[in-house]
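Below is one structure; the comments refer to it alone.
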Amino acid sequence: MAQSLNIFISVPHSTKPSITFPNAVPRFPVTGNPSRTSLCIRASASDPNMSVLTSANGVGGSPFHVSDSSSIDVDAVTEAELKENGFRSTRRTKLICTIGPATCNPEQLEALAEGGMNVARINMCHGTREWHQEVIQRVRRLNEEKGFAVAIMMDTEGSEIHMGDLGGASSAKAEDGEIWTFSVRSFDSALPERTINVSYGGFAEDVEVGDELLVDGGMVRFDVIEIIGPDVKCRCTDPGLLLPRANLTFWRDGSLVRERNAMLPTISSKDWLDIDFGIAEGVEFIAVSFVKSAEVIKHLKSYIKARARDSDISVIAKIESIDSLKNLEEIIRASDGAMVARGDLGAQIPLEQVPSEQLRIVQVCRQLNKPVIVASQLLESMIEYPTPTRAEVADVSEAVRQRADALMLSGESAMGQFPEKSLTVLRSVSLRIEKWWRDEKRREAMELPAIASSFADSISEEICNSAAKMANNLEVDAIFVYTKTGHMASLLSRCRPDCPIFAFTTTTSVRRRLNLQWGLIPFRLSFTDDMENNLNKTFALLKARGMVKSGDLVIAVSDMLQSIQVMNVP
Ligand SMILES: Nc1ncnc2c1ncn2[C@@H]1O[C@H](COP(=O)(O)OP(=O)(O)OP(=O)(O)O)[C@@H](O)[C@H]1O
Ligand SMILES: CC(=O)C(=O)O
Ligand SMILES: [K+]
Ligand SMILES: [Mg+2]
């Protein structure tokens with residue numbers, strides 16, 4: 001028997017009423033379906049939404065048939081997944097792929113999108129402006145032509161020290177005991193043998209004989225043995241593969257040297273030009289490398305606001321330095337999300353400290369309601385081999401178990417031999433761990449502190465917390481949220497409910513932005529303040545596409561009429 005429970009909490013925003021639930025008034029549908037009952041819980045009798053309340057009781061009377069089913073947009077891959085696997089088994093963890101030479105042509109990009117890539121990342125450390133633009137345009141074209149909803153993340157270069165581009169070679173092998181020269185000279189012709197260009201002019205002055213030089217946080221190590229003008233001669237002590245533009249750090253007496261390069265700005269002048277490019281291209285996310293303080297994030301956000309008034313660009317703080325750990329909460333508060341950039345982080349703190357910092361960052365983000373990405377070396381061995389190591393699978397599982405919003409591939413997808421296989425591994429491990437978590441009913445007791453900054457926000461927050469709890473207890477199939485800015489959707493995602501969250505939003509850019517958040521299936525749909533109409537329209541459209549069926553149990557919440565409704569799809 002179909003049942004409907006409507007809880008309407010409508011509050012005039014000028015006065016602060018007390019919400020008294022014992023005043024709940026049972027109401028009955030006006031027309032049509034005698035099997036439905038609805039309960040209305042009101043806060044204020046003189047409520048301006050009363051008229052809406054009355055009409056809302058008619059939900060389910062006569063479904064509003066919309067013939068144009070194209071007026072709802074959802075990512076084609078998620079739609080197929082939903083039809084194939086049902087509500088429970090859609091993937092909740094989002095997947096990001098760094099695009100590079102191995103994945104930049106249209107067929108390769110399409111294969112990644114088909115494989116579940118939610119966000120494509122371009123790293124401004126590598127490639128030319130033309131290359132980046134081409135990739136962005138190809139992704140946009142695929143979205144349009146094939147119905148994907150892949151968002152673009154631009155990752156800034158930052159002003160840390162890195163190697164040059166190896167004169168065009170894809171990599172170079174440094175062997176134990178070999179002498180290599182790291183130089184700030186610019187070479188007009190080909191690089192001499194065993195010579196590496198260094199990006200930072202002060203390099204030769206800052207290093208000292210006896211320092212240890214780490215490439216990519218210790219993938220390859222050298223000892224500094226001699227400094228001759230701009231050339232720093234080093235002996236390889238830990239052999240390995242040198243990759244173009246790899247990050248360099250140097251260590252003295254067991255600690256990281258943070259001399260003059262620590263004074264360099266987080267956002268360099270080149271980064272500002274890249275950011276202008278990103279704004280012009282309408283990227284969804286800008287990830288800022290080597291963030292040290294909240295100030296730089298605030299500065300960038302106001303810059304974006306001034307440049308692109310109605311822009312929805314989210315600013316993601318990359319946590320990859322000692323300073324970013326020190327100022328973690330403040331940085332995350334100022335940002336729209338964060339990335340645990342374990343590659344460089346592991347070069348700045350002892351490796352054994354990285355896992356606990358990862359957990360801390362994931363938890364702080366969750367508490368502050370900011371999406372969090374776990375990045376780097378998730379499947380490093382798959383750059384060369386078609387299957388991951390057991391340890392890599394365990395690492396990915398742990399990130400999923402921590403309920404991070406997103407996992408990111410770097411070299412695996414940018415320049416590895418098995419980009420699609422790597423993505424498949426992320427996808428299947430995510431699905432498996434998510435299912436295990438639900439089956440075992442491992443609802444963690446993580447405390448979610450109140451984060452609202454206004455009374456209206458508190459109501460939204462309480463509604464989302466309650467809706468998520470109800471969804472778990474009633475074992476509903478999906479939560480529907482109608483949200484213009486995406487805020488209510490992210491509050492629901494924060495609760496990590498057992499069922500997927502269908503997030504309906506009116507703009508394509510909000511929809512793409514929501515693609516980064518755990519458990520959200522973003523839809524673009526035009527809707528009004530009339531929830532009855534919205535629901536009937538949504539049911540009709542989704543039923544026409546085979547995404548829901550009669551009898552499915554859903555909870556609907558909305559940020560226009562602050563309400564929770566429980567109902568069966570008619
Ligand atoms: N656009 C590109 N063109 C060429 N090679 C690329 C490109 N993007 C990535 N790569 C290759 O893939 C590797 C891994 O990519 P990734 O984005 O993780 O960069 P990274 O250099 O490790 O720096 P970061 O700390 O910014 O992530 C790079 O070292 C580089 O060799
Ligand atoms: C992703 C990145 O920048 C890092 O891991 O260092
Ligand atoms: K970068
Ligand atoms: Mg980095």
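The values are calculated or read from the model by the stated rules, or taken from the named source; none is laboratory data. Being a predicted model, the structure only gives us computed values, none of them experimental. Every residue, glycine among them, receives a Cβ derived from its backbone with ideal geometry; neighbour counts consider all protein chains shown.
Just a few scattered comments:
- Scanning segment 191-204 turns up no residue that is surrounded by fewer than 20 Cβ atoms within 10 Å (Cβ to Cβ), basic (K, R) and in contact (Cβ under 8 Å) with a residue 24 or more places away in the chain.
- Residue in segment 370-411 that is nearest to ligand 2 (Cβ to nearest atom), counting only those that are surrounded by fewer than 21 Cβ atoms within 10 Å (Cβ to Cβ) and of a type in the set (S, T, N, Q): Q377
Condition check ((1) buried (at least 24 other Cβ atoms within 10 Å of the Cβ); (2) outside the structural domain of I72 (by TED's automatic domain parsing); (3) not hydroxyl-bearing (S, T, Y)) across all residues:
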site	(1), (2), (3)
A471	yes, no, yes
Y482	yes, no, no
H487	no, no, yes
L525	no, no, yes
M531	yes, no, yes
T538	yes, no, no
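- Restricting I451, I433, I361 to residues that are farther than 30 Å from E107 by Cβ, of a type in the set (A, V, I, L, M) and surrounded by fewer than 17 Cβ atoms within 10 Å (Cβ to Cβ) narrows the list to I451.
- Apart from one condition, D457 fits all of (1) surrounded by fewer than 17 Cβ atoms within 10 Å (Cβ to Cβ); (2) touching a strand residue (DSSP E or B) at 6+ places or on another chain (Cβ under 6 Å); the exception is (2).
- Test: residue in segment 208-216 that is touching a helix residue (DSSP H, G or I) at 6+ places or on another chain (Cβ under 6 Å), crowded, with 20+ Cβ neighbours inside 10 Å, outside any strand (DSSP E or B) and at positive phi: no
- Any hit, segment 166-184, residues being more than 16 Å from ligand 2 (Cβ to nearest atom), surrounded by 18 or more Cβ atoms within 10 Å (Cβ to Cβ) and either within 32 Å of the chain's Cα centre (by Cα) or not assigned by TED's automatic domain parsing to the domain that holds C234 (or both): yes
- Candidates are the residues of segment 138-183 that are within 16 Å of ligand 3 (Cβ to nearest atom) and among the hydroxyl-bearing types (S, T, Y); the one that is modelled with the lowest pLDDT is S159.
- Considering residues of segment 540-559 that are farther than 15 Å from F87 by Cα and out of contact with any strand residue (DSSP E or B) (no Cβ under 8 Å at 6 or more places or on another chain) only, the residue surrounded by the most Cβ atoms within 10 Å (Cβ to Cβ): A540
- Answer from V291, V315 - the residue that is closer than 21 Å to L256 by Cα, within 16 Å of ligand 2 (Cβ to nearest atom) and either touching a residue at least 12 places away in the same chain (Cβ under 8 Å) or part of a strand (DSSP E or B) (or both): V291
- Considering the conditions (1) hydroxyl-bearing (S, T, Y); (2) surrounded by fewer than 16 Cβ atoms within 10 Å (Cβ to Cβ); (3) over 22 Å from R513 (Cα atoms), T266 is excluded by exactly one of them, (2).
- Residue satisfying condition, being more than 16 Å from ligand 4 (Cβ to nearest atom) and in a strand (DSSP E or B), within set A120, A149, A113: A120
- Residues of segment 321-348 that are more than 12 Å from ligand 2 (Cβ to nearest atom) and either of a type outside the set (D, E, K, R) or more than 16 Å from S293 (Cβ to Cβ) (or both): I322, L325, N327, L328, I331, I332, A334, S335, D336, G337.
- Filter pass, F277 being in contact (Cβ under 8 Å) with a residue 60 or more places away in the chain and assigned to a loop (DSSP other than H, G, I, E, B): no
- Evaluation of L243 against (1) free of Cβ contacts under 8 Å to residues at least 60 places away in the same chain; (2) within 16 Å of ligand 1 (Cβ to nearest atom) (one fails), failing number: (1)
- Members of segment 502-539 that are assigned to a helix (DSSP H, G or I) and of a type in the set (S, T, Y): T508, S509, T538
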